[in-house]
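Before any comments, here is the structure.
Values in this text are rule-based calculations from the coordinates and carry no lab data. Keep in mind it's a predicted model, so treat the numbers as computed, not measured. Counting neighbours? That spans all protein chains shown, and the Cβs are built from the backbone with ideal geometry, glycine included.
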Amino acid sequence: MNKKELLEAILKNKELNHMTKKDADAFLNKTIDVIKKTIKKGEDVSLIGFGTFSKVRRAARMGVNPSTGEKIKIKAKNLPKFKPGKAWKEML
């Protein structure tokens, strides 16, 4: 499911039939922006029954260039992480 299909599924919900496609798209975009900004600040976003978004630090490490076999240093970086909630894991 892509973003367009997700918006269509949201709009099919009877409780949200008052929303326009434009309103639903704006709401989804703002929700994603808030999650990204919160994670960037180093705070977790927990949605009970769904999961937790967080930021993890990947340490610097040595890697190998697959085409040349040369060893290269890979810099440390921050990455987003998602851990599904217990209810969602049990559902699957």
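Applying the criteria of a DSSP loop state and at most 16 other Cβ atoms within 10 Å to the GluC sites (Glu not before Pro) of the chain yields Glu43, Glu70.
In the chain, helical runs assigned H by DSSP with n ≥ 4 each contribute -39500 (n - 2.57); averaged across all residues and rounded to the nearest 500, the mean residue ellipticity at 222 nm is -11500 deg cm²/dmol.
Considering only Val56, Val64, Val45, the mean-square fluctuation computed in a Gaussian network model of the chain, springs between alpha carbons under 10 angstrom, is largest for Val64.
When only the Cβ of Lys, Arg, Asp and Glu is charged (+1, +1, -1, -1), the dipole of the chain relative to its Cα centre reaches about 600 debye. Once the mean of 1/r is taken over each pair of separate Cα atoms and inverted, region 44-92 shows a Kirkwood hydrodynamic radius of 13.3 Å. In region 44-92, taking the dipole from charged Cβ atoms about the Cα centre, the farthest positive-side position among Ala87, Val45, Val64 is held by Val64.
Loop-resident trypsin sites (Lys or Arg not before Pro) (DSSP state other than H, G, I, E or B) in region 14-79 with no more than 13 further Cβ atoms inside 10 Å of their Cβ: Lys41, Lys75. For Phe50, the residues 5 or more places off, or on other chains, whose built amide H falls under 5 Å of its own are Gly85.
For region 44-92, the Cβ-based charge dipole about the Cα centre amounts to some 260 debye (Lys, Arg positive; Asp, Glu negative; other atoms uncharged). Once C-alpha pairs closer than 8 Å and six or more residues apart are averaged by separation and normalised to the residue number of the chain, the relative contact order reads 21 percent.
Radius of gyration over Kirkwood radius for the chain, both on Cα atoms: the Rg/Rh ratio is 1.15.
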